[in-house]
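These notes are about the structure you will find just below.
The values are calculated or read from the model by the stated rules, or taken from the named source; none is laboratory data. Everything quoted here is computed from the prediction, not taken from an experiment. Methodologically, a virtual Cβ is constructed for each residue, glycine included, from the backbone with ideal geometry; neighbour enumeration extends over all protein chains shown. Heavy atoms of the whole protein, side chains included, go into the accessibility calculation; ligands, DNA and RNA do not. Shrake-Rupley method; radii C 1.70, N 1.55, O 1.52, S 1.80 Å.
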Amino acid sequence: MKKTLLALAVPALLMAGSASAATVYTAEDGSTIDVYSRLGFNITDRAGMGKDGDAVGNFDARIGLGGSQVVNDKVSVIGWAEYSVGAAEQRGTDNSFTPRYVWAGIDASEAGKVTFGRVASGIIMLSDVGDVFAASDVLIGRQLELVDNSAAQTFRQDGTIQYQNSFGAFDMSVAYILGNSESNQDGSYNAAARYTFDMGNAGQLIPIAAYQANSTGDTGSNANRDYTFWGAGLQYKLNALTLGAMYNQDEIEGQGISGTSKDKSYELTAVYNINDDWTARAGYRALENTGGDETEYKDTTLEVQYHLTARSSIYTSYVMRNGENGTGLGAPAVMTWNNAEEDYYHLGLRYEF
């Protein structure tokens, strides 16, 4: 692979928000510096558990910086740091600038990519089946925070060593999770895979599977807990239409939990690009917990997005909820900010560069 081709390929390998990074500098040897930012404002009446929502305005932003340094025709050193930035001045607190992804690694071309740090988990291949909306929340792997306080569900965890590669139509990812000094991980890992069947004029069929297991040590607030997650999904793409279906479950047991807390959930999604300007999305998901906080989610989401430019858009969505917040008596409650019983809407503007 030529150095110039390797330099072009690296930004595409930076998963999640960095996949849209813009290269602002390219050296003679093909090394690059890439930046990414997303600015968004939305009006919503979404409420926390047990609360009625009043319309509020929220501003959120993400900023990322990274790139690659070419070692030779086959190998580059790569890295990425991306943070969420809050707009509100919150005096006396320190939660307005938080890390999403912070990692460094080696891209060895056909031999694959190894990254170290707070990486974009390979399980995102599965969660992307349901995570299609501009404004809706995501429930997959919601109990993981009870075993790792650095975890953002199954999307990212501190102290991860991850290997990813593609072999034709087959994409794979495996990771070992060391955690940080406070997350108390002990023999944790995950794996994910997907295969794209190209059926010509009949479209593409993409099955996906993922698994994760976490164990904690015998000290700290999350001591002696075991967590497992598995899921399978299927996407079908035909021209402007994408359909998705996914089932997953996770369970946790151990200290501070009475028995086993288990989530079972499934999701159905549809995305249709009406034309270059308009996109419509719809989805349904159901989640039921047993042995834990006993929460149930039954959500129907409708969303329309208008693309002002290739990177900026306005959108509106409405989420109809018919679930139950649960008691939280069997295990520590999770997602207390997320009311399962109240409908909510979003009206937002998003700008990316």
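Tabulated results
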quantity: Residue within region 43-59 that is touching a Phe, Trp or Tyr at 6+ places or on another chain (Cβ under 9 Å), more than 26 Å from residue 313 (Cα to Cα), modelled with pLDDT of 85 or more and not aliphatic (A, V, I, L, M) present; calculated: no
quantity: Qualifying residue in region 302-318 (condition: open to solvent by 30 Å² or more (accessible area, probe 1.4 Å), within 25 Å of residue 154 (Cβ to Cβ) and polar (S, T, N, Q)); calculated: no
quantity: Search result, residues across region 42-71 that are farther than 24 Å from residue 156 by Cα and either touching a helix residue (DSSP H, G or I) at 6+ places or on another chain (Cβ under 8 Å) or of a type in the set (Phe, Trp, Tyr) (or both); calculated: 70
quantity: Residue list for region 280-298, restricted to those being in contact (Cβ under 8 Å) with a residue 40 or more places away in the chain and acidic (Asp, Glu); calculated: 293, 296
quantity: Residue check, residue 247 closer than 30 Å to residue 65 by Cβ and either among the aromatic types (Phe, Trp, Tyr) or out of contact with any strand residue (DSSP E or B) (no Cβ under 6 Å at 6 or more places or on another chain) (or both); calculated: no
quantity: Condition check for residue 4: hydroxyl-bearing (Ser, Thr, Tyr), at pLDDT below 85 and farther than 30 Å from residue 297 by Cα; calculated: yes
quantity: Residues that are without any contact (Cβ under 8 Å) to a residue 60 or more places away in the chain, out of contact with any Asp or Glu (no Cβ under 7 Å at 6 or more places or on another chain) and open to solvent by less than 40 Å² (accessible area, probe 1.4 Å), drawn from region 228-279; calculated: 240, 270, 279
quantity: Members of region 298-353 that are within 30 Å of residue 36 (Cβ to Cβ) and either over 22 Å from the mean Cα position of the chain (by Cα) or among the small types (Gly, Ala, Ser) (or both); calculated: 306, 307, 308, 309, 310, 312, 313, 317, 348
quantity: Total residues in region 319-353, condition of a type in the set (Asp, Glu) and open to solvent by 80 Å² or more (accessible area, probe 1.4 Å); calculated: 2
quantity: Positions within region 97-136 being part of a loop (DSSP other than H, G, I, E, B), within 16 Å of the chain's Cα centre (by Cα) and either in contact (Cβ under 8 Å) with a residue 24 or more places away in the chain or over 30 Å from residue 283 (Cα atoms) (or both), in sequence order; calculated: 119, 120, 121, 122, 123, 129, 130, 132, 133, 134, 135, 136
quantity: Of the criteria (1) open to solvent by 40 Å² or more (accessible area, probe 1.4 Å); (2) in contact with a Gly (Cβ under 9 Å, 6 or more places away or on another chain); (3) part of a loop (DSSP other than H, G, I, E, B); (4) charged (D, E, K, R), which one residue 293 fails; calculated: (1)
quantity: Filtered residue count, region 137-173, keeping only those that are under 16 Å from the mean Cα position of the chain (by Cα), more than 17 Å from residue 189 (Cα to Cα) and open to solvent by 20 Å² or more (accessible area, probe 1.4 Å); calculated: 1
quantity: Filter result for the condition that a residue is closer than 24 Å to residue 121 by Cα and among the hydrophobic types (A, V, I, L, M, F, W, C), over 302, 234; calculated: 234
quantity: Whichever residue in region 214-238 is not small (Gly, Ala, Ser) and not in a strand (DSSP E or B) and, among such residues, is nearest to the chain's Cα centre (by Cα); calculated: 222
